[in-house]
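A short worksheet on the structure shown next.
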Amino acid sequence: MKGSQGSKGALIALASIPLIMTLGNSMLLPILPQISKQLGVSAFKVSMIITVYGLIAILMIPVAGYLSDRFGRKKVILPSLILAALGGAGCVAAAWFFTGDTAYWIILAGRFVQGVGAAGAFPIVIPFVGDLFKDESQVSRGLGIIETSNTFGKVLSPILGAYLGTLLWYAPFIAIPALCLISFILMLILVKKPQKEPEAGITSLKQFLTGIKEVLHEKGRWLYAIFAIGGICMFATFGVLFYLSEILESQYNLHGAYKGFVLAIPLALLCLASYGSGKIIGKNKLLMKWLGFGGMAVLTAAMVITGFNANIYFMVGFLSLSGIGIGVVLPCMDALITEGIEQDNRGTITSLYSSMRFIGVALGPPLVSLLMNRGHWVLFGTMAGAGAVGGLLSFFAVTPSKEDSEGGDQPERSSFKAKKKNLLRQRAR
């Protein structure tokens, strides 16, 4: 019972990381126009405050994944949280002591540091949950809670960011280091050594890379499919948010917290769907596949239907339905990729998955901004096409065996391949 309580405490600490990292980035979206006015910089320049965070995270996530596999998850997460806090503090100092272009470039540097910290925090949480529990159904529930926390951060972000911006234009920057330190303390106190943990420092970089290459060669078909599905889900999520934000402001004159509440509707449903999906999938990988396929089908259908009507109530309703579809998909993909990879390589493989999700986040707003000029149907037809690709990948490429429906084996893994992999690992050691 005591161990169970310890795992619950660790899960709370881990769940705080995606919540805080999401708030630390998305809270800035509603105040970008304020930042532009205060510093006297262009809209493009101010958008780089969001972009630089995502770009450096995409590059650094695989490095953080490798380090977590070699030296341990907690040893990577704790310094990363401190880096994210320092990056946020640098942004606050820039806003407090400087003005104009000088403040802007220091803020950009702070966001760069914050992005490096984010790369070593949230993506490592997913494999950490896999290490924390022995039972796969517990892993699935834990990953559902992680996705729920991540989405809850997205729900809060537009509301909290807009509210803080009314108090002080750089107040969201002040919140970032404070939130990171709270998460650091929770990790330090509540997270002990996992029941399952990768052995630290036992292989050279060459042997490690050889192991990753073998994993991708053996399991590439379903891994690449899950990478793509994760990227498509994030592309759709952030594309929809960007579109709704633009439409609500330009056509319906909704600003600040009012706009934030409307944006929170599809995200709140996404959050609830993530929680529910994580609870019901257990260790049943066949169920994960079909729920993933069903979620992508719902996303695709919602985008197609939205393309036929530009009424705001109609759009919010069906875009909320697309949020439910995405919320069902993500815990399934998280669980398949976490439970399908052994601990030695889990951090690196899941970090590649996280990088694909960040690419989806980065592509969503700019691509949607270009498609908006080509018409309502073109925009949503494109997003429906992306959803259909994800659905087809889920149907044809993610193929758990019959044993997987009982949690017995990993996707696409035969006994011959398992023996071969174990033999290669013994030789490497």
**Message:** Suppose the chain between residue 59 and residue 134 were pulled fully straight at 0.36 nm per residue; how much longer would it get relative to their current alpha carbon spacing?
**Reply:** 23.9 nm
**Request:** Quick one: compute a quarter of the convex hull surface over the Cα atoms of region 71-161 and quote it in nm².
**Result:** 7.0 nm²
**Request:** Please compute the Cα-Cα pair-distance distribution of region 272-312 with 10 Å bins starting at 0, giving whole percents from short to long.
**Result:** 26, 40, 23, 11, 0
**Asked** Applying the Karplus parametrisation 6.51 cos²θ - 1.76 cosθ + 1.60 with θ = phi - 60° to the phi angles of region 321-328, what ³J(HN,Hα) value in whole Hz is obtained for each residue in order, glycine and proline being reported as x?
**Response** 5, 5, x, 4, x, 5, x, 6
**Item:** Hydrodynamic radius by Kirkwood, which averages 1/r over all alpha carbon pairs of the chain, in angstrom
**Value:** 21.8 Å
**Message:** Test of understanding: what is the full-extension gain from residue 280 to residue 93, defined as 0.36 nm times their sequence separation minus their Cα-Cα distance?
**Reply:** 62.7 nm
**Item:** Simple Cβ-charge dipole of the chain, Lys/Arg +1 and Asp/Glu -1, about Cα centre, in debye nearest 20
**Value:** 1000 debye
**Item:** Chain lengthening between residue 44 and residue 342 when straightened (0.36 nm per residue, less Cα-Cα)
**Value:** 103.0 nm
**Fill in**
Which of 134/219; 45/154; 259/279; 154/219 exceed 25 Å between C-alpha atoms? The answer is 259/279; 154/219
**Request:** Report, to the nearest whole %, how much of the accessible area of the chain belongs to carbon and sulfur atoms, 1.4 Å probe, protein only.
**Result:** 69 percent
**Item:** Length-normalised contact order of the chain in % [C-alpha pairs under 8 Å, at least 6 apart]
**Value:** 24 percent
**Prompt:** Solvent-accessible area per residue for region 309-391 at a 1.4 Å probe radius, Å²?
**Reply:** 32 Å²
**Message:** With θ taken as phi - 60° and the coefficients 6.51, -1.76 and 1.60, list the Karplus ³J(HN,Hα) couplings across region 162-176 in order, rounded to whole Hz; mark glycine and proline as x.
**Reply:** 5, 5, 4, x, 6, 7, 6, 4, 9, 4, x, 5, 5, 5, 4
**Message:** Just to confirm, what accessible area per residue do you get for region 67-153 at 1.4 Å probe, in whole Å²?
**Reply:** 33 Å²
**Prompt:** Can you pull the Rg over Rh of region 279-370, Cα-only, Kirkwood?
**Reply:** 1.06
**Message:** On the principal axes of its Cα set, how long, how wide and how thick is region 15-70? Give whole Å, largest value first.
**Reply:** 45, 23, 11
**Alpha carbon Rg of region 207-264, scaled by the compact-globule rule 2.2 N^0.38 Å** = 1.91
**Item:** Hull volume in cubic angstrom per residue (convex hull over the Cα atoms of region 1-122)
**Value:** 99 Å³
**Message:** Rounded to two decimals, what is the ratio between the C-alpha radius of gyration of region 198-355 and 2.2 N^0.38 Å?
**Reply:** 1.25
**Item:** DSSP loop chymotrypsin sites (Phe, Trp or Tyr not before Pro) with at most 13 other Cβ within 10 Å excluded, longest remaining stretch of the chain
**Value:** 1-251
**Asked** Rounded to whole Å and sorted largest first, what semi-axes of the equivalent ellipsoid does the C-alpha gyration tensor of region 219-311 yield via the square root of 5 times each eigenvalue?
**Response** 30, 15, 12
**Item:** Signed unit charges on C-beta, dipole axis of the chain, positive-most listed residue 264, 354, 24
**Value:** 354
**Request:** Tabulate in residue order the Karplus-calculated ³J(HN,Hα) for region 339-350, using 6.51 cos²θ - 1.76 cosθ + 1.60 with θ = phi - 60°, rounded to whole Hz; enter x for Gly and Pro.
**Result:** 7, x, 10, 5, 4, 4, 10, 4, x, 5, 5, 5
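The values are calculated or read from the model by the stated rules, or taken from the named source; none is laboratory data. What you are looking at is a predicted structure, and each value in this text was computed from that prediction instead of being measured. In this analysis, Cβ positions are derived from the backbone assuming ideal geometry, glycine residues included, and neighbour counts consider all displayed protein chains. Note: accessible area is taken over every heavy atom of the protein model, side chains too, but ligands, DNA and RNA are not part of it. Shrake-Rupley method; radii C 1.70, N 1.55, O 1.52, S 1.80 Å.
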